[in-house]
Amino acid sequence: MAKRILITGAAGFLGSHLCDRFIKEDFEVIAMDNLITGDKRNIEHLFKHKNFEFHHHDVTKFVHVAGELDYILHFASPASPIDYLKIPIQTLKVGSVGTLHCLGLAKEKNARILIASTSEVYGDPLVHPQSEDYYGNVNTIGPRGVYDEAKRFQESLTMAYHRFHGLETRIARIFNTYGPRMRLNDGRVIPAFIGQALRGEDLTVFGDGSQTRSFCYVDDQVEGIYRLLFSDYSDPVNIGNPDEITILDFAKEIIGLTGTQQKIVYKELPEDDPLQRQPDISRAKEILKWQPEISRSEGMKITYDYFRGLSHEELEKREHKDFFEHIRR
Ligand code: UDP
């Protein structure tokens, strides 16, 4: 009998790649999404698969799945700074109430659950690189606090279910991840720069571009999550690529990759934008025997080719111009 897995946020960027992976591994996949920031096009190719079913549902409402369940991956959440500025309360709810529902379901079904946490639990880190034992530096009331604090609460709640109910739990602290199926207008730096290059616009670097990020290609991320789920380790594990770069140097790389003739323009640095971010992945290396395999230049080429290959019409659709309309309903 195929194992059954529920994936929340299944129509999102990471969720959809996880659906692909678990279908490939012969799991029965129950995909759940309320499609606020997710896009059904990301999983459309799976609808015909006999082991795949889609539930259009908001996990902040009571979650029920009929039958047995072996695993849950809780990946539902807006995940880009401009999204969580637009929908702050939904962001708080999906990380808190949504997680509560998923943990309750896991307990009911005696399923193992992995939750998607984030490097944002480290806030604007004062320790560099960030290892799992760093407690972080988060502004609870700042604009990003809605995401960061929801994810921090999510971790606490998950550990409480683990300790109090003996639930099998896993916590992945995900660092900036990129690849095909990101939303071109979600505001994050990689789709932003690629979109600008494709449209022939200037590249917008926020601040002086000296802030750093470390970008992980999606296939590496999925492999790390997959290994974590099947490990027996319940403390948080950083999953990311330690190859750190300043945003200004990254913009220059994009100019090289895309051959755009446009220039770099500077915009104000958003409030609480972390100045540095780099995962210490010693724990993942030791426990999961995992480390990223795909270099930024390889991963960025695949990602750029993907966006370049989409038709103009498809690009328009993927811009999610109806975003606000959708969430007001
Ligand atoms: N950024 C930028 N130009 C853009 C979008 C983002 O310079 O058009 C910067 C942003 O200020 C941040 C970094 O790129 O320092 C990564 O931002 P992103 O939104 O991708 O994710 P974050 O890591 O901040 O959650």
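A few notes on this one:
- Flag if residue 255 is touching a strand residue (DSSP E or B) at 6+ places or on another chain (Cβ under 8 Å), more than 28 Å from residue 38 (Cβ to Cβ) and away from the ligand (no atom under 13 Å from the Cβ): yes
- Qualifying residue in region 106-120 (condition: more than 15 Å from residue 173 (Cα to Cα), within 16 Å of the ligand (Cβ to nearest atom) and either assigned to a loop (DSSP other than H, G, I, E, B) or at pLDDT 95 or above (or both)): no
- So residue 215, is it modelled with pLDDT of 95 or more and closer than 30 Å to residue 260 by Cα: yes
- Test: residue in region 251-258 that is of a type in the set (A, V, I, L, M, F, W, C), modelled with pLDDT of 95 or more and either in a loop (DSSP other than H, G, I, E, B) or within 18 Å of the chain's Cα centre (by Cα) (or both): no
- Contact map, region 265-281: first residue among the polar types (S, T, N, Q), second residue assigned to a loop (DSSP other than H, G, I, E, B), Cβ cut-off under 7 Å, separation 6 or more or different chains; pairs are 276/125; 276/128; 276/211; 278/128; 278/129; 278/242.
Residues checked against (1) closer than 15 Å to residue 282 by Cα; (2) among the hydroxyl-bearing types (Ser, Thr, Tyr):
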position	(1), (2)
217	no, yes
226	no, yes
230	no, no
233	yes, yes
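- When residue 238 is tested against the conditions (1) in contact with an Asp or Glu (Cβ under 7 Å, 6 or more places away or on another chain); (2) under 21 Å from residue 305 (Cα atoms); (3) buried (at least 20 other Cβ atoms within 10 Å of the Cβ), the lone failure is (2).
- Scanning region 243-265 turns up no residue that is of a type in the set (D, E, K, R) and touching a Phe, Trp or Tyr at 6+ places or on another chain (Cβ under 7 Å).
- Restricting 210, 231 to residues that are within 16 Å of the ligand (Cβ to nearest atom), among the polar types (S, T, N, Q) and outside any helix (DSSP H, G or I) narrows the list to 210.
- Among residues that are surrounded by fewer than 22 Cβ atoms within 10 Å (Cβ to Cβ), under 18 Å from the mean Cα position of the chain (by Cα) and within 24 Å of residue 10 (Cα to Cα), residue 146 is not included.
- Among residues of region 145-176, those that are of a type in the set (Lys, Arg) and assigned to a helix (DSSP H, G or I), counted: 3
- A Cβ distance below 8 Å, combined with a sequence gap of six or more or placement on separate chains, defines the contacts here; from region 196-211, residues that are buried (at least 19 other Cβ atoms within 10 Å of the Cβ) reach residues that are assigned to a strand (DSSP E or B) and of a type in the set (D, E, K, R) in the pairs 205/267.
- Selection status of residue 35, of a type in the set (A, V, I, L, M, F, W, C), without any contact (Cβ under 8 Å) to a residue 12 or more places away in the chain and over 24 Å from residue 230 (Cα atoms): no
- Selection within region 14-68 - part of a strand (DSSP E or B), buried (at least 24 other Cβ atoms within 10 Å of the Cβ) and not small (Gly, Ala, Ser): 29, 32, 33
- For region 157-202, filtered to residues that are among the hydroxyl-bearing types (Ser, Thr, Tyr) and farther than 13 Å from residue 107 by Cα, the residue that is farthest from the ligand (Cβ to nearest atom) is 177.
- Each residue in region 276-299 was checked for being touching a helix residue (DSSP H, G or I) at 6+ places or on another chain (Cβ under 6 Å), closer than 20 Å to residue 212 by Cα and in a helix (DSSP H, G or I), and 0 pass.
The values are calculated or read from the model by the stated rules, or taken from the named source; none is laboratory data. Given the structure is predicted, the values throughout are model-derived calculations rather than measurements. All Cβ positions, even for glycine, are placed from backbone atoms using ideal geometry, and neighbour counts span all protein chains on display.
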